[in-house]
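Following: one structure in structure tokens, then a few remarks.
The values are calculated or read from the model by the stated rules, or taken from the named source; none is laboratory data. Since the model is a prediction, treat every value here as computed from it, not as a measurement. Here the Cβ positions follow ideal geometry from the backbone for every residue, glycine too, while neighbour counts run over all protein chains shown.
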Amino acid sequence: MSNDEKWMNALRDAAKELDAEEARALEEVDDVWERLALGELSEDERAELERRRADPADDLAYSAFEPLSSDTRAAVLDQAAAAIQPTRPARREATLTRGRRWAAAAVASAVAIVLVLVNVGGGSGSLPAYELEVSGGDRLLRSAPADSGPGPVRLSSGSSFELRLIPDERVDADLDYDTRLEDSEGQAIPWEPNVELLPAGTLSVRGTVGSDFPAALGRYRVKISVRLNGERREAVAELEVMPPP
Amino acid sequence: METNHEQVRKALGGDRVALECLTDSLAPVIHARVARVLVRFGAAASARDIRQDVEDYTQEVYVALFRNGGEILLGWSPERGASLQNYVGLIAQRYVTGRLRSSKHRTWNEVAVDELPVIPSESPEARVESRELLVAVVARLGEQLTPQALQMFWSLIVEQRSVSDLSASTGLSTDALYMWRSRLLRKARQIAEEISLEKPSSHRKADQR
């Protein structure tokens, strides 16, 4: 058995052990709550759960399991439809992910938001065009007014974010990549983000303000790039650390 | 009546009606699993907070199903026994559970990374130590991987599905799947190294012995 196979088997056993342990813990949640989310309760059963909301724990559970609204379902549907699109839009525009899509669906004009994609380089054809996608930021800003215009991604202490440089077409080659963090004056800041080069050529860069991203208030510039055979695709995102809301 | 498999294919092909049916069928399941995990393991301070988290994660997982040509959805094989709803529900459950884990609070004993993987002939104590570290590695993978990567981890590493089988269902090339496996293993090793470096003093003591 190769070392890789032994390593895989060891990971498999550990994953199954952890999964089983967590599945047992999840069974402690009364199934009636899941039936609420699935819309399977009778009127009487639902009324009984509503009465139980006087208890804070039951109120929390009711809020979590209450069925998705039709608006929410419509927003999910729109986002899924957008994810299926076979071709990406020609305009390299930042898109919104976790924590922001609901508002994006509800306030379509607010899509102009918060991230600047500065540079997608040209080249001889080793690399396809790339698109930058950002997720994270403070909840308050999810509802940013439609006329707020482009600007930095706003974060505060404890906020996490993820930047993804996504190719238009699958790239099945081992890419090199760079990340760089600068202050508002362009001075480099030592930074060790969590970088993951995903299969198909997507570069994922994650950070959390206060642990692996500076907590000092102010604007920062993050540059991320991928390289292959001398070609490069680079994107720049502006992030601003704000006081906690 | 259309099977789930046909519905998935049509939805991924851009059929809006099929996508609407799929959303009606899957979004509530994802929501229910996400809510269960957040109620059991989350630390929401208010009803409003937990609702926001539930909606965010539900959306994130649901949209992830359709990314990259629907890799995750296409990885579902009815022949393997699970319904589409259960398959998707498990993905949601594992992804959100992983995100909520705090592996930093898990305990594990120190073992040198180059001693991995576990060798059956090791002493019982060494096996326990390695096991704890491996569980910590898996926990941290769950914190860091995207829904797609986590599903690949389950398909290729945990369930050890054959590359040819997975290629046939997802449409991914076998080369791409071997690359997935190689990167996931590399990532796991990298995390194991990070964990072992978090307590350097113990290693120094071990070195001195």
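Just a few scattered comments:
- Candidates A:Ala57, A:Ala90 - the one that is out of contact with any Ser or Thr (no Cβ under 6 Å at 6 or more places or on another chain), at pLDDT 85 or above, more than 25 Å from A:Phe161 (Cβ to Cβ) and surrounded by fewer than 20 Cβ atoms within 10 Å (Cβ to Cβ): A:Ala57
This table checks each residue for (1) more than 8 Å from chain B (Cβ to nearest Cβ); (2) touching a residue at least 12 places away in the same chain (Cβ under 8 Å).
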{"position": "A:Ala10", "(1), (2)": "no, no"}
{"position": "A:Glu28", "(1), (2)": "no, no"}
{"position": "A:Trp33", "(1), (2)": "no, yes"}
{"position": "A:Ala54", "(1), (2)": "yes, no"}
{"position": "A:Asp59", "(1), (2)": "no, no"}
{"position": "A:Asp78", "(1), (2)": "yes, yes"}
{"position": "A:Ile84", "(1), (2)": "no, no"}
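- Residue selected from the range B:53-69 under the condition surrounded by fewer than 23 Cβ atoms within 10 Å (Cβ to Cβ), facing chain A (nearest Cβ under 7 Å) and out of contact with any Phe, Trp or Tyr (no Cβ under 8 Å at 6 or more places or on another chain), by the criterion nearest to A:Thr72 (Cα to Cα): B:Val63
- Scanning the range A:79-87 turns up no residue that is modelled with pLDDT under 90, touching a strand residue (DSSP E or B) at 6+ places or on another chain (Cβ under 6 Å), surrounded by 16 or more Cβ atoms within 10 Å (Cβ to Cβ) and of a type in the set (Val, Ile, Thr).
- The range B:124-192 holds helices (runs of 4 or more DSSP H) entirely within its bounds, and those carrying 1 or more residues that are at the interface with another protein chain (Cβ under 8 Å from one of its Cβ atoms) map to B:124-144, B:147-152.
- Of the strands (runs of 3 or more DSSP E) lying entirely inside the range A:111-185, the ones with 2 or more residues being among the hydrophobic types (A, V, I, L, M, F, W, C) and either closer than 16 Å to A:Leu228 by Cβ or at pLDDT below 60 (or both) are found at A:160-167.
- The set of residues in the range B:27-52 that are among the charged types (D, E, K, R), closer than 13 Å to A:Asp31 by Cα and facing another protein chain (nearest Cβ under 7 Å) comprises B:Arg36, B:Arg40.
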